[in-house]
Ligand code: FAD
């Protein structure tokens, strides 16, 4: 069989990292990325990019932990390399704070031994937050976007991966050109494959210039957060289920700013505010599986990797590795059927 041709649809953090894992694990494959939008116009470009996992109720915790661990390990190595600044990856320390003390079960999230130096906050640290009773201090990683997506695109080009702007209306339109199609379309999968279990959770954030803010602060409910990046600080946020609007809401902008200033009053001096909106591709569980589509006796091999909701950056490398493994299974199945056909 000739080199298998793989099309990855989608160029957010999931599509680009999946294409990279496929190119790395199957150098004999010809990999192409097709997407109607590239950076800076994807949901991934809006994200804060913090490695703090969100829990998917329908995915076993040990699987989520594995995805997070693989992502953390990969980015930690990158943060220790000369490419860290170009890739927009850096370590950031800070606090997750709670108005009431969590139950003993909540005190230790499943990812507490993956991030660095996880510990309860001291009384002295808590003095900074008089309205909060309890908190956790740790160091994690942050991906700044667009730099991280541009770095992934550069790696893909170096690996010989082609990238084209194209909207795919139906996965079957790729059948004559590609052996395997990998669906990484985020919220676009709602229309592309008619997934009714996928819904948007709208998020509005502000990106401000406040270079004196060095530590992250996250209110334990996940609604209010301050995440410093290399150049700008992301202030959030909102979680509006089933709301599709991409237009910024001025009332929400003021509300986010006020909430963040109540946690870090020095933000009143922040400048050059940019407002961004993105739709988190949310689902009960990430859809990460093989599917064989069949039409009139013809088969199309598909691997789905979408529905990462509020935690796509936190698990992207782990899910990309698993998607690449599933592509490997599809290739083995294709090789099996082509050698049977020769007999
Ligand atoms: P996208 O980035 O949306 O990429 C999908 C791609 O598919 C796009 O390129 C699109 O153009 C393409 N596409 C769609 N349909 C088609 C089609 N029919 N044909 C061709 N191309 C198509 N996660 C974290 O881990 N940490 C955070 O701190 C964090 N903060 C966030 C803050 C906000 C405000 C938001 C909105 C999200 C945040 N997230 C965070 C979540 C994270 O952004 C998402 O989980 C992640 O970006 C999903 O990546 P994706 O590649 O699946 O989707």
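The values are calculated or read from the model by the stated rules, or taken from the named source; none is laboratory data. In this text the structure is predicted, and so the values were computed from the model without any measurement. Positions of Cβ are generated from backbone atoms using ideal geometry, with glycine treated the same way; all protein chains shown enter the neighbour counts.
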**Report entry** Residue that is away from the ligand (no atom under 13 Å from the Cβ) and either closer than 22 Å to residue 315 by Cβ or at pLDDT 95 or above (or both), where the choices are 241, 254, 207
**Finding:** 254
**Report entry** Unique residue being in contact with a helix residue (DSSP H, G or I) (Cβ under 7 Å, 6 or more places away or on another chain) and over 27 Å from residue 109 (Cβ atoms) when the list is 146, 211
**Finding:** 146
Query raised in the report: Does residue 270 meet the test of being touching a helix residue (DSSP H, G or I) at 6+ places or on another chain (Cβ under 9 Å), more than 25 Å from residue 65 (Cβ to Cβ), in contact (Cβ under 8 Å) with a residue 60 or more places away in the chain and buried (at least 20 other Cβ atoms within 10 Å of the Cβ)?
Result: yes
Report summary line: Checking 226, 180, 187 in turn, the sole residue that is crowded, with 21+ Cβ neighbours inside 10 Å, more than 10 Å from the ligand (Cβ to nearest atom), modelled with pLDDT of 95 or more and farther than 30 Å from residue 337 by Cα turns out to be 226
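May I ask you to say which residue of 293, 326, 279, 301 is under 30 Å from residue 111 (Cβ atoms), in contact with a helix residue (DSSP H, G or I) (Cβ under 8 Å, 6 or more places away or on another chain) and modelled with pLDDT of 95 or more?
279
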Report task. Look at segment 263-303 and say how many of its residues are over 20 Å from the mean Cα position of the chain (by Cα), more than 30 Å from residue 334 (Cβ to Cβ) and assigned to a loop (DSSP other than H, G, I, E, B). Result -> 2
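Name the helices (runs of 4 or more DSSP H) wholly within segment 33-114 that hold at least 1 residues that are under 19 Å from the mean Cα position of the chain (by Cα) and within 12 Å of the ligand (Cβ to nearest atom)? Don't jump to the end; show me each part of the working.
Numbers: elements: 43-46, 61-79, 84-87, 104-107.
It comes to 43-46, 61-79.
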Query raised in the report: Somewhere in segment 159-167, is a residue buried (at least 19 other Cβ atoms within 10 Å of the Cβ) and near the ligand (Cβ under 10 Å from one of its atoms)?
Result: no
Requested in this report: Answer yes or no: is there a residue in segment 98-114 that is modelled with pLDDT of 95 or more, surrounded by 16 or more Cβ atoms within 10 Å (Cβ to Cβ), out of contact with any helix residue (DSSP H, G or I) (no Cβ under 7 Å at 6 or more places or on another chain) and closer than 30 Å to residue 232 by Cα.
Outcome: no
Query raised in the report: Here are some residues: 277, 213. Which one is buried (at least 18 other Cβ atoms within 10 Å of the Cβ), more than 13 Å from the ligand (Cβ to nearest atom) and either touching a residue at least 12 places away in the same chain (Cβ under 8 Å) or closer than 28 Å to residue 86 by Cα (or both)?
Result: 213
